[in-house]
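Below: the structure, in structure tokens.
The values are calculated or read from the model by the stated rules, or taken from the named source; none is laboratory data. Predicted, not measured: the structure shown is a model, and the values here were computed from it. Counting neighbours? That spans all protein chains shown, and the Cβs are built from the backbone with ideal geometry, glycine included.
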Amino acid sequence: MSEKINYQTFQEVIDFYNKTEQVFLDVENKLGVNLWFLENFRVYFAYRNSKLNSSSTSGSSGNKISLLTELKALIQNFTLKHHTSEIAIFAYPSSVRRYFGDLVDSFDLIGMRRIFQESVNLKEGSINQNTDAIFLRYLISFGFIKDVIYFNRHFTKLSKQLQNLSTTADEQLITSIFCKSKSTLLLHFLYFRAYCKFFKKSSLKAVCLINENSPSLKVIQYAIKKYGIKSFAVQHGSIHELHPSYMFGLYHTPPILPDMTFVWGQRDKTLLITKGGYVSSSVEIVGRIDGEVTPEIQHPELDLTKKIIVFATQPQRDEELRKKTFYDVASTFEDFIDEYQLVIRPHPNEKDDTFFKDIYDGNYLIDRVTPLKKHFELCEGIITSFSTVGVEFVPYYKKMLILDYYMQDVMKYIEKGVGIQILNKDMLKHNLECWEEIQVDRKAQEMYVNETLYQIDSSSQLKLINKIIENRLK
């Protein structure tokens with residue numbers, strides 16, 4: 001039932017946009033950005049969760065801070081530095097090396113800070129420029145006052161048109177969800193205007209992005225398109241057929257997309273072309289960029305005398321499911337503490353250990369110290385739902401348990417034969433009891449790796465990416 005709702009609501013949200021497309025396009029002609037594609041991700045999950053009668057929160061543990069603190073961060077990161085290269089990478093400094101690898105050494109780095117993220121130093125090291133400085137320059141020009149008035153006028157008109165076009169209860173709900181994002185959309189629009197001012201005077205010919213279809217990066221795409229600057233996107237995580245940030249094939253008119261998207265393997269390229277609305281010539285397979293330096297450290301409490309099972313947790317839009325699966329896993333392992341050690345590997349956005357302890361305070365180890373690759377080497381297997389960690393783990397040819405309570409198999413780990421389906425707590429317990437009898441399908445794992453992760457050494461990968469970029473800029 002839940003799987004049906006996921007697909008049904010995904011289609012209903014797209015149908016809503018297709019029905020109201022013209023009013024969004026009219027506003028795009030005025031503002032320069034399509035507001036729907038800045039919010040479609042959140043709208044889908046909020047609408048879906050309302051149908052599932054579950055929490056609409058994402059489970060992110062990020063802290064909101066005051067506008068005063070936000071302004072302070074903008075001032076602290078103000079810089080007079082300028083970029084010198086014709087190509088720049090827009091990225092969060094903490095993850096830039098991981099996702100872009102040695103490309104960081106080839107291009108200028110323009111550092112980003114998530115809106116309302118606590119203070120991050122964007123002026124150190126190799127950062128040539130940063131988005132806080134770009135935005136602050138725009139604010140002190142006071143042109144933003146005119147832009148705020150302009151936005152409010154067109155958003156009010158858009159809201160009224162959507163309400164008039166919404167003839168069913170479901171359409172009215174989608175309209176309500178979308179319109180509640182006015183403040184967030186205004187902020188993204190102001191960033192768009194700041195970027196337009198920046199790129200107008202810039203000598204850049206191209207920018208490289210990750211998470212390119214998130215609103216913070218989407219407005220960059222709209223701004224650079226206005227000035228004829230090319231965009232290159234690097235795949236940073238899992239892509240699946242229910243991913244609102246990548247699946248645009250059912251839209252009458254897909255949104256603005258990067259000039260080139262570099263993906264991990266044939267599976268992702270095929271998915272983007274057949275269901276994502278991407279043009280074949282705009283997707284290239286380059287393999288997964290692995291720029292992460294793995295230090296030789298491990299958590300001192302890892303117990304190598306036991307079978308180590310790593311549980312790769314992650315924020316989820318369905319908060320109740322997230323809590324239930326954690327409770328089931330943590331409580332089940334209490335019956336096996338003499339044989340197994342459960343190691344919780346939190347997602348980078350899961351920063352608060354009390355979230356786990358409040359759900360179930362048991363005999364597990366929360367480990368953010370040991371590098372992920374080291375976890376893969378030491379463990380007997382992993383547990384996950386639909387995390388990208390699963391993709392990275394398959395080449396280790398070990399056992400992977402997939403928490404698939406809604407029978408979605410979002411990442412197709414089960415369908416492809418690389419994951420073992422877990423529908424409930426009893427199934428998890430059974431698999432732990434019969435662990436030694438579980439056989440991995442080595443052939444299926446090898447086939448999955450060949451389809452999903454194009455194998456190429458880092459030096460050749462760098463040359464390939466640079467060659468593609470050079471050809472596109474000619």
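A few remarks follow.
- Test: residue in segment 171-188 that is of a type in the set (A, V, I, L, M, F, W, C), assigned by TED's automatic domain parsing to the domain that holds Y47 and in contact with a strand residue (DSSP E or B) (Cβ under 9 Å, 6 or more places away or on another chain): no
- Answer from S231, S216 - the residue that is in contact (Cβ under 8 Å) with a residue 40 or more places away in the chain, crowded, with 18+ Cβ neighbours inside 10 Å and either in the same structural domain as A46 (by TED's automatic domain parsing) or on the phi > 0 side of the Ramachandran plot (or both): S216
- Pick from segment 297-349, criterion surrounded by fewer than 20 Cβ atoms within 10 Å (Cβ to Cβ) and basic (K, R), ranking: farthest from G237 (Cα to Cα): K306
- Taking residues in segment 440-460 that are farther than 16 Å from Q266 by Cβ, and partners anywhere that are crowded, with 16+ Cβ neighbours inside 10 Å and polar (S, T, N, Q), not one pair has Cβ atoms closer than 9 Å while being at least 6 places apart or on different chains.
- Matching entry among L428, L378 (being crowded, with 20+ Cβ neighbours inside 10 Å, touching a residue at least 24 places away in the same chain (Cβ under 8 Å), assigned by TED's automatic domain parsing to the domain that holds T325 and not hydroxyl-bearing (S, T, Y)): L428
- Within segment 275-284, tally of residues that are in contact with a Gly (Cβ under 7 Å, 6 or more places away or on another chain) and either assigned to a helix (DSSP H, G or I) or not assigned by TED's automatic domain parsing to the domain that holds P255 (or both): 0
- So I468, is it touching a strand residue (DSSP E or B) at 6+ places or on another chain (Cβ under 9 Å) and modelled with pLDDT under 90: yes
So that you can scan it fast, the table gives a plain yes or no per residue for (1) modelled with pLDDT under 75; (2) more than 20 Å from M247 (Cβ to Cβ); (3) of a type outside the set (S, T, N, Q):
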| site | (1), (2), (3) |
| --- | --- |
| T9 | no, no, no |
| K19 | no, no, yes |
| W36 | no, no, yes |
| A46 | no, no, yes |
| K72 | yes, yes, yes |
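- Criterion (farther than 30 Å from L52 by Cα and not aromatic (F, W, Y)) met by exactly one of N431, N424, N466: N466
- Looking across segment 1-31, the residues that are under 20 Å from Y222 (Cα atoms) and either among the hydrophobic types (A, V, I, L, M, F, W, C) or in a loop (DSSP other than H, G, I, E, B) (or both) come down to V23, F24, L25, V27, L31.
- Which listed residue is under 13 Å from I309 (Cα atoms) and touching a helix residue (DSSP H, G or I) at 6+ places or on another chain (Cβ under 7 Å), from L378, L401: L401
- Residue among S231, S176, S202, S183 that alone is outside any helix (DSSP H, G or I), under 25 Å from the mean Cα position of the chain (by Cα) and among the hydroxyl-bearing types (S, T, Y): S231
- Residues in segment 437-474 that are outside any loop (DSSP other than H, G, I, E, B) and of a type in the set (D, E) were compared, and the one that is surrounded by the fewest Cβ atoms within 10 Å (Cβ to Cβ) is E437.
- The residues of segment 366-375 that are in contact (Cβ under 8 Å) with a residue 24 or more places away in the chain and of a type in the set (A, V, I, L, M, F, W, C), listed by number, are V369, L372.
- Pairs where the first residue, in segment 90-113, is more than 13 Å from C208 (Cβ to Cβ) and the second is polar (S, T, N, Q), C-beta under 6 Å, 6+ apart: G111/N130
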